[in-house]
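Okay, structure first, notes after.
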Amino acid sequence: MKVLLFDIDGTLIRAGGAGRKALNRAALELYGKKDACSELSLAGHTDLWNFREAYINAVRKKPTAAQLERLHREYLKHLPFYVRAALKNGTYVYPRGIKVLLKRLAREKGLLLGLGTGNMERGARIKLEPSGFNAYFMFGGYGSDAFHRPVLLKKAVRRAEKLAKIRVPGQDVFVIGDTPLDVAAGKKAGYKTVGVGTGFSDWKSLVRSRPDHLARDFRGLGKWLKWFGIR
């Protein structure tokens, strides 16, 4: 049994900055602070980290758990609007080759596809909904599971093991993401890593993160299948 954990933003899709725009709107509605996260680097971090930093930027003090949850709920109110806006203006896009790869992987026995994303679970599903990709991913590790990415990745694997009713060793887990933080989290969790240059990090930084495998995009189906040990 192999487990593949995909990041969302910049890896499976690009949603035209819907998450950042929704978080900015939420902070504006709650705290009257405009562009609370416009200067923050959100890519590769968990939503809990992003919400905390946006709150600190807006309010100038650290949030409680209840305050983070309030910001999260407000964010979810606005996220669908910005996802729909991205669809309408053509900025909701797919990396080259991802549709073909997912369709092929979904047919493979002995393989579980999951999400390994910093997005809170509900936000993750909202972002993926227009793509139809939600149907490929029955489980995952989410920003709502943990503040740190290695922890949420391990939670995703535990969910996979529960589904498969079998233990999955670390060498049979692959973390696929577009930032050095994705790669670092996968390594720290003890999993194989694949860096893909489809998102928000520059190529040189992704190369320096030294993933087990590296690709510009998802084209070249045979190469990807080989990396995952699929014939």
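The values are calculated or read from the model by the stated rules, or taken from the named source; none is laboratory data. Just so it is clear, the model here is predicted, and its values are computed rather than measured. Backbone-built Cβ (ideal geometry, glycine too); neighbour counts: all protein chains shown.
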Note on segment 1-14: residues crowded, with 23+ Cβ neighbours inside 10 Å and modelled with pLDDT under 95 are 9
Is at least one residue of segment 206-229 of a type in the set (S, T, N, Q), at pLDDT below 95 and in the same structural domain as residue 103 (by TED's automatic domain parsing)?
no
If a residue must be among the hydrophobic types (A, V, I, L, M, F, W, C), surrounded by fewer than 22 Cβ atoms within 10 Å (Cβ to Cβ) and at pLDDT 95 or above, how many such residues does segment 175-202 contain?
1
For residue 217, indicate whether it is in contact (Cβ under 8 Å) with a residue 40 or more places away in the chain, under 18 Å from the mean Cα position of the chain (by Cα) and surrounded by fewer than 16 Cβ atoms within 10 Å (Cβ to Cβ).
yes
Within the set of pairs 6 or more residues apart or between chains, which connect a residue that is farther than 22 Å from residue 112 by Cβ and without any contact (Cβ under 8 Å) to a residue 60 or more places away in the chain inside segment 1-26 to a residue that is part of a loop (DSSP other than H, G, I, E, B) and among the polar types (S, T, N, Q) with Cβ atoms less than 9 Å apart?
20/38; 24/38
Go through segment 169-205 and give me each residue that's touching a residue at least 40 places away in the same chain (Cβ under 8 Å), farther than 22 Å from residue 112 by Cα and of a type in the set (D, E, K, R).
none
If I ask for residues that are outside any helix (DSSP H, G or I) and touching a residue at least 12 places away in the same chain (Cβ under 8 Å), which ones from segment 98-111 would you list?
106, 108, 110, 111
Scan segment 153-168 residue by residue and report those that are under 15 Å from residue 115 (Cα atoms) and touching a residue at least 40 places away in the same chain (Cβ under 8 Å).
153, 156, 157, 159, 160, 163
Among the residues of segment 83-97, are any assigned to a strand (DSSP E or B), within 17 Å of the chain's Cα centre (by Cα) and of a type in the set (Val, Ile, Thr)?
yes
Free of Cβ contacts under 8 Å to residues at least 40 places away in the same chain, of a type in the set (Lys, Arg) and under 16 Å from residue 128 (Cα atoms), is that true of residue 60?
no
May I ask you to list the residues in segment 75-90 that are under 18 Å from residue 31 (Cβ atoms) and surrounded by fewer than 18 Cβ atoms within 10 Å (Cβ to Cβ)?
76, 77
Selection count where residues are small (Gly, Ala, Ser) and either in contact with a helix residue (DSSP H, G or I) (Cβ under 6 Å, 6 or more places away or on another chain) or more than 23 Å from residue 198 (Cα to Cα) (or both), scope segment 157-188
4
